[in-house]
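Visitor: Sharing a structure below in structure tokens format, with a few things to ask.
Every read-out reported here was derived from the displayed coordinates using simple, explicitly stated rules and does not represent laboratory data. What you see is a predicted model; the values in this text were computed from it and never measured. All Cβ positions, even for glycine, are placed from backbone atoms using ideal geometry, and neighbour counts span all protein chains on display.
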Amino acid sequence: MSTRRFVLLAAGALIALAQPAAAAEDKALKAAVAGAQRSDAHKARDAARHPYETLAFWGVKPKQTIIEVSPGSGYWTEILGPYAKATGGAYIATAADLANPKMTDAGRKNRADFEAKYADEAKFGKITYVGFGPVSGPLGAPGSADMVITARNIHNWMWTDGVLDKAMKDFAAVLKKGGVLAVEEHRADPTRAQIGDARDGYVDTANVIAAAEKAGFKLAAKSEVNANPKDTKDHPFGVWTLPPSRWTVQGGRSQDPAFDRAKYDAIGESDRMTLRFVKK
């Protein structure tokens with residue numbers, strides 16, 4: 001073998017060794033994503049939300065204690081509840097803070113409806129609930145959680161002074177040292193300033209990072225798994241013009257039959273940042 005060829009082969013071996021090993025496939029997580037317990041409506045969004053790839057990027061693993069903040073319709077609940085059951089972990093969902101004296105009847109009903117929807121432990125595992133809101137208490141014992149997930153919530157917290165800072169402090173308090181704050185959020189156009197307090201639903205990535213760092217987190221990684229370059233982010237009703245909300249009037253409480261939805265449906269779901277922070 002020539003000296004030159006030996007050097008090239010040796011260099012190639014060093015480069016190969018320097019590459020990080022691909023994460024092992026999590027069969028339990030794949031089974032939860034593919035499971036029959038998931039609704040058809042949620043499965044229909046998988047092409048836009050990339051559930052396995054997103055959760056793997058965040059570092060979801062067996063036996064973790066995972067808290068999901070404001071789980072909405074339960075897209076992640078239907079995956080993470082069964083996954084926790086199968087792997088010896090725990091899934092905790094935040095819900096309306098019943099201790100808040102200003103809690104509305106609608107808020108109480110929404111919490112009751114959600115709990116009823118996911119009450120079947122045979123399908124979804126045992127789900128624990130904790131109140132969360134502007135004046136809520138701790139999300140759990142200090143340092144008791146491995147991961148906190150917040151998906152498409154941060155823009156809402158920007159609408160009221162102090163709520164974003166409180167939320168980030170709550171997350172930092174409940175996470176173990178080295179625990180993960182997993183973020184998915186509608187991403188503002190980096191070439192334009194964020195619109196005020198993100199009333200259009202789009203948040204500047206730098207603002208998310210700054211809020212997390214202020215609470216004691218460090219940005220560990222970014223992923224483009226949920227990027228959508230077709231999203232122009234200049235829609236008449238903000239991000240809610242796009243699927244799945246598909247507003248045709250402001251507030252979305254009615255429908256304008258004359259509104260042409262074609263180009264917005266062609267865009268699909270929003271362009272989103274996907275971030276992983278760790279607690280220092």
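Visitor: According to the square roots a ≥ b ≥ c of the eigenvalues of the Cα gyration tensor, what is the shape class of the range 109-252, taking rounded for a/c under 1.5, prolate for a/b larger than b/c otherwise, and oblate for the remainder?
Guide: The shape class here is oblate.
Visitor: For helix 163-174, report the angle its Cα long axis makes with the longest principal axis of the Cα atoms of the chain; keep it between 0 and 90° and round to the nearest 10°.
Guide: 50 degrees
Visitor: Let me have the relative contact order for the chain, percent, based on Cα pairs under 8 Å that are six or more residues apart. Intermediate results must be reported in sequence, preceding the final value.
Guide: On the way: 438 pairs, mean separation 46.7, N = 280.
After rounding, I find 17 percent.
Visitor: Quick one: helix 205-214 against the long Cα principal axis of the chain, what's the angle to the nearest 10°, folded into 0 to 90?
Guide: 90 degrees
Visitor: A further question on this structure: Based on Cα positions only, what radius of gyration and what Dmax would you give for the range 153-195, in angstroms?
Guide: When restricted to the Cα atoms of the range 153-195, Rg and Dmax are 12.7, 36 Å.
Visitor: What 222 nm value per residue comes from the helices of the chain, counting each DSSP H run with n ≥ 4 as -39,500 (n - 2.57) and dividing by all residues, nearest 500 deg cm²/dmol?
Guide: -10000 deg cm²/dmol
Visitor: In the neighborhood of Ser136, defined by Cβ-to-Cβ distances under 13 Å, what is the net charge if each Lys or Arg adds +1 and each Asp or Glu adds -1?
Guide: For residues surrounding Ser136, the net value is +2.
Visitor: Give the percent of DSSP beta bridges with both residues in the chain that are antiparallel, rounded to the nearest 5.
Guide: Counting DSSP beta bridges with both partners in the chain, the antiparallel share is about 40 percent.
Visitor: Given R₀ = 35 Å, FRET efficiency for Ala31-Glu224 by Cβ-Cβ distance, to 0.05? Kindly include the intermediate steps, with their values, before the conclusion.
Guide: On the way: r = 26 Å, r/R0 = 0.74.
The calculated FRET efficiency here is 0.85.
Visitor: Then there is this: For a 22 Å ceiling on Cα separation, which of these pairs sit above it: Lys61/Lys126; Lys117/Lys222; Lys30/Lys279; Lys109/Lys233; Lys117/Lys279; Lys27/Lys169?
Guide: Lys117/Lys222; Lys30/Lys279; Lys109/Lys233; Lys117/Lys279; Lys27/Lys169
Visitor: If you don't mind, another one. For an R0 of 51 angstrom, estimate the FRET efficiency from the Cβ-Cβ distance between Arg261 and Ala141 and round to the nearest 0.05.
Guide: Working: r = 47 Å, r/R0 = 0.92.
Plugging the Cβ-Cβ distance into 1/(1 + (r/R0)^6) gives 0.60.
Visitor: Further question on the same structure: At a Förster distance of 25 Å, what's the computed FRET efficiency of Lys63 paired with Asp120, Cβ-Cβ distance as r, to 0.05? Show your work: numbers first, answer last.
Guide: Numbers: r = 22 Å, r/R0 = 0.90.
About 0.65, to the nearest 0.05.
Visitor: Another question about this same structure. For the range 168-280, what ratio Rg/Rh do Cα atoms give with a Kirkwood hydrodynamic radius?
Guide: 1.05
Visitor: Shifting gears a bit: Mind ranking 249-260, 147-158, 167-178 by how tightly packed they are, going by the mean number of other C-beta atoms within 10 angstrom, highest first?
Guide: Numbers: 249-260: 9.7, 147-158: 21.8, 167-178: 19.4.
Highest mean packing first, the order is 147-158, 167-178, 249-260.
Visitor: Once you sort the root eigenvalues of the Cα gyration tensor of the range 177-229 as a ≥ b ≥ c, which label holds: rounded (a/c under 1.5), prolate (a/b larger than b/c) or oblate (the other case)?
Guide: Cα axes put the range 177-229 in the oblate bin.
Visitor: Quick check: residue separation of Asn110 and Ala48 times 0.36 nm, minus the Cα distance between them. What number comes out in nm?
Guide: Extra length from Asn110 to Ala48 when fully extended: 19.7 nm.
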